[in-house]
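Nothing in this text is a laboratory measurement; each read-out follows from the coordinates by a stated rule. Keep in mind it's a predicted model, so treat the numbers as computed, not measured. Using ideal geometry, Cβ is built from the backbone for each residue, glycine included, and neighbour counts are taken over all protein chains shown.
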Amino acid sequence: MIVMQKMNIQLASMDFRVLRFLRILLQTSSVTRTAELLEISQPAASRILARIRDLTGDPLLIRTQAGYQLTDHALTLQEPVLDAINSIEAVFQPPYFDPELSHRCFRIAGTDYATACIIGPLMDRLTKIAPHIQVDVTPLVPDSFSMILEGEIDFVFYAGLDVKGDLIAKKLFVDSYVLLMREGHPLLELVGQKGFLDPPDIAPYRQIEFSYPTVDRLRADTVMRIQRDDAAAVFSVPFFTAMPFHVANSDAVAAVPSRLGTQLSTFSNVVSVPFRSGAEFPYYLLWHERGQFNPAINWFVDEVTPILA
């Protein structure tokens, strides 16, 4: 026990120069040459060697008829010493990220809006410049905000800033709304006259709302309502991409973000029309402050911007 305590004290006082000295000594088998290469005095070199001998309990270098030679124990130290030096140097290397070689998995939480308008096009781009990168998308739910704080996910795509914690937010764009409805819908005649629809125009029709996650629960997007109260929607779903199926065979209407409306209107029997609700929303990419100096995180953030141009 006493011996271990003494060794711990000695190791605690050791600096990197001792390892460098030992590495060169093992290469040269000469205290004098080691001192020259390290540009230290002979007495200083002798003191370092004495410390190492005290720690290892081995002379390391002995005088023979053929000159100074390494002991058997010293010969076994060459690889461990080199490994130790490489490990210490690795600790102090600045973080580095090579997208062409990396197999990193980026963990993202987002709605199907983010998946269709951002993550899908982003993957098309990353396939070319980072062929081994993986992206794991999970549904955006209230727990996503605690997951990013705890490091279980890397990014959240979110249409708001009512979140808690040490998060960095990058504003990606501002989007407005269009209306989805079936081909031949009675409102299309009014669209032909006005060029757009207002909330009062759609009041007589069943409205399908998107329910979006907040930090504590799902909330209905009331952009279509004339009086934006908390009354239950006639139909509320947490998937934008389900909207075409709900409006295609009925007179129901659904408000969806403009960036997504064009894509959804390619579904059979569905059209999108301008909607003057007066509402728009900023869309953000969120990540935790602990990643602000992470080159992989910064690279990903930088790659999101070009696809939105």
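Observations, loosely collected:
- Cα-based Rg of region 2-91 normalised by 2.2 N^0.38 Å, two decimals: 1.08
- Linear extension gain, Asn269 paired with Leu161, 0.36 nm per residue minus alpha-carbon span: 35.3 nm
- For region 177-279, fraction of C-alpha pairs farther apart than 17 Å, in %: 47 percent
- Charge-dipole axis of region 2-91 as Lys and Arg at +1 and Asp and Glu at -1 on Cβ define it, positive-most pick from Gln27, Gln42, Phe16: Gln42
- Other residues within the sphere of radius under 10 Å centred on the Cβ of Ala130, judged by their own Cβ, net out at 0 (K and R +1, D and E -1).
- Amide hydrogen neighbours beyond the local backbone of Ala109, cut-off 5 Å, H modeled: Thr138, Phe155, Val156, Phe157
- Within-13-Å neighbourhood charge of Ile24 [Cβ basis; K, R +1; D, E -1]: +2
- Using the Cβ of Tyr283 as centre and a radius below 9 Å, the other residues enclosed give a net charge of +1, where K and R count +1 and D and E count -1.
- Over the residues of the chain, the helix contribution to mean residue ellipticity at 222 nm works out to -10500 deg cm²/dmol, using -39500 (n - 2.57) for each DSSP H run of at least 4.
- Relative contact order (percent, whole number), the chain, Cα cutoff 8 Å, 6+ residue spacing: 20 percent
- Value of Rg to Rh for the chain, rounded to two decimals, is 1.32; Kirkwood radius and Rg both from alpha-carbon coordinates.
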